[in-house]
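First comes the structure, then the notes that go with it.
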Amino acid sequence: MRTIKKYLSQPYPLKETVWDIIFSISLFIGLFMVIFQPFGLDDLQMDYKSLVLAGYGLVTFIILILDLVVIPLLLPGQFRNEKWTVFKELVNLSWILFTMGLGNLVYSSFTMGFTLSLNNVIIFQAYTLAIGLIPITALTLVKQGYLKRKNAQRAEAINDALLPQVHADHPGQTVRFLGENQKEELRVNADDILFVKSDGNYITVGYLKNGRLTQALLRSTMKYAMEQLASFPFLYQCHRSWIVNLNRITRVSGNSQGLRIALKDLNEDIPVARNNSAGFRERVAGIKE
């Protein structure tokens with residue numbers, strides 16, 4: 001039981017773009033229903049039968065928009081990549097199948113006269129689960145394992161080829177950060193900056209002061225921080241919410257969500273955005289695709 005619980009709590013990549021999934025699945029369902037006419041629909045006699053069957057693709061399209069676009073927008077705190085796990089992915093996919101089953105029943109009630117009864121709800125859910133539950137569970141587990149191995153191998157390659165760390169002193173290269181109200185000010189040596197983290201309308205600047213990690217919170221944006229640090233190429237934006245000092249990286253690890261950075265003196269792993277993985281590997285370790 002502990003093994004299963006531990007596995008389900010492992011990180012899983014949350015989809016960054018969903019429109020390709022929405023369009024491809026909706027098109028597949030529509031064509032599948034028209035061509036194969038499953039569940040005895042091949043015996044159904046009605047006008048515009050192919051058009052009605054293709055309508056299941058439209059139902060799928062609407063349900064997927066609600067589940068993959070609208071709900072994450074309404075509940076952003078529940079759909080954060082850094083907190084997404086195998087368990088949450090399976091629950092989310094099960095919810096999608098459940099809502100698709102309900103949507104198909106409602107559509108069938110309008111087009112084919114099915115009654116909205118508990119018995120029919122159970123039947124439609126059984127059909128939907130029979131088609132989708134086993135494949136999506138298997139694909140989720142296989143994908144998680146594949147991505148975990150792939151990113152772990154990438155991380156090891158980076159660690160083996162990690163470019164020499166240069167902790168040069170730049171006494172004259174001071175960065176000045178100002179808060180939006182112009183009352184908050186931070187002056188810090190660029191080489192001493194470990195990271196900049198963005199959280200809403202605030203940034204946290206982590207830097208070394210007398211050899212110890214110090215953090216300063218300012219009301220500002222990541223765009224402003226990037227402008228201030230533009231002349232320091234070793235301060236690199238690896239994620240939309242993180243800037244890291246490449247000269248302070250101690251190790252890189254990998255899980256199914258992607259690469260993670262360990263920085264000197266920081267007890268928190270920093271994510272590398274998936275679409276930035278190739279650029280990061282080349283920049284920090286000279287590894288090209």
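The values are calculated or read from the model by the stated rules, or taken from the named source; none is laboratory data. The model shown is predicted, which means the values in this text are computed figures rather than measured ones. Positions of Cβ are backbone-derived with ideal geometry, glycine not excepted, and every protein chain shown enters the neighbour counts. Remember, those area values only see protein heavy atoms, side chains included, never the ligands or the DNA or RNA. Shrake-Rupley method; radii C 1.70, N 1.55, O 1.52, S 1.80 Å.
Values computed for the structure shown
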quantity: Failed item in (1) touching a residue at least 24 places away in the same chain (Cβ under 8 Å); (2) not in a strand (DSSP E or B), with E282 passing the rest; calculated: (1)
quantity: Sole residue being open to solvent by less than 60 Å² (accessible area, probe 1.4 Å) and free of Cβ contacts under 8 Å to residues at least 60 places away in the same chain, chosen from L51, L64; calculated: L64
quantity: Output for segment 247-256, where each listed residue is out of contact with any Pro (no Cβ under 6 Å at 6 or more places or on another chain), in a strand (DSSP E or B) and either open to solvent by 10 Å² or more (accessible area, probe 1.4 Å) or among the polar types (S, T, N, Q) (or both); calculated: T250, R251, S253, G254
quantity: Of all residues making up segment 262-279, the number that are in a helix (DSSP H, G or I) and open to solvent by less than 30 Å² (accessible area, probe 1.4 Å); calculated: 1
quantity: Filter result (among the aliphatic types (A, V, I, L, M) and either within 19 Å of N120 (Cα to Cα) or assigned to a loop (DSSP other than H, G, I, E, B) (or both)) within segment 39-51; calculated: L41, L44, M46
quantity: Residue list for segment 113-136, filter: of a type in the set (S, T, Y) and out of contact with any Ser or Thr (no Cβ under 9 Å at 6 or more places or on another chain); calculated: S117, Y127, T128
quantity: Single condition L259 does not satisfy, out of (1) outside any strand (DSSP E or B); (2) buried (at least 16 other Cβ atoms within 10 Å of the Cβ); calculated: (1)
quantity: Verdict on Q215 being assigned to a strand (DSSP E or B), exposed (fewer than 14 other Cβ atoms within 10 Å of the Cβ) and not β-branched (V, I, T); calculated: yes
quantity: Which numbered condition Q165 fails, given (1) at pLDDT 90 or above; (2) part of a loop (DSSP other than H, G, I, E, B); calculated: (1)
quantity: Tally, over segment 69-89, of residues that are assigned to a helix (DSSP H, G or I), under 13 Å from the mean Cα position of the chain (by Cα) and surrounded by 15 or more Cβ atoms within 10 Å (Cβ to Cβ); calculated: 5
quantity: Answer from L116, L66, L93, L58 - the residue that is more than 17 Å from T17 (Cα to Cα), assigned to a helix (DSSP H, G or I) and of a type outside the set (G, A, S); calculated: L58
quantity: Test: residue in segment 239-246 that is part of a loop (DSSP other than H, G, I, E, B) and either farther than 30 Å from V86 by Cβ or touching a strand residue (DSSP E or B) at 6+ places or on another chain (Cβ under 8 Å) (or both); calculated: yes
quantity: Residue match in segment 94-114 (condition: open to solvent by 50 Å² or more (accessible area, probe 1.4 Å), under 27 Å from V142 (Cα atoms) and either within 22 Å of the chain's Cα centre (by Cα) or charged (D, E, K, R) (or both)); calculated: yes
quantity: Residue among A152, A126, A130 that is of a type in the set (G, A, S) and open to solvent by 70 Å² or more (accessible area, probe 1.4 Å); calculated: A130
quantity: Residue under evaluation A138, criteria (1) among the hydrophobic types (A, V, I, L, M, F, W, C); (2) surrounded by fewer than 16 Cβ atoms within 10 Å (Cβ to Cβ); (3) at pLDDT below 90; (4) under 30 Å from T250 (Cα atoms), criterion not met; calculated: (4)
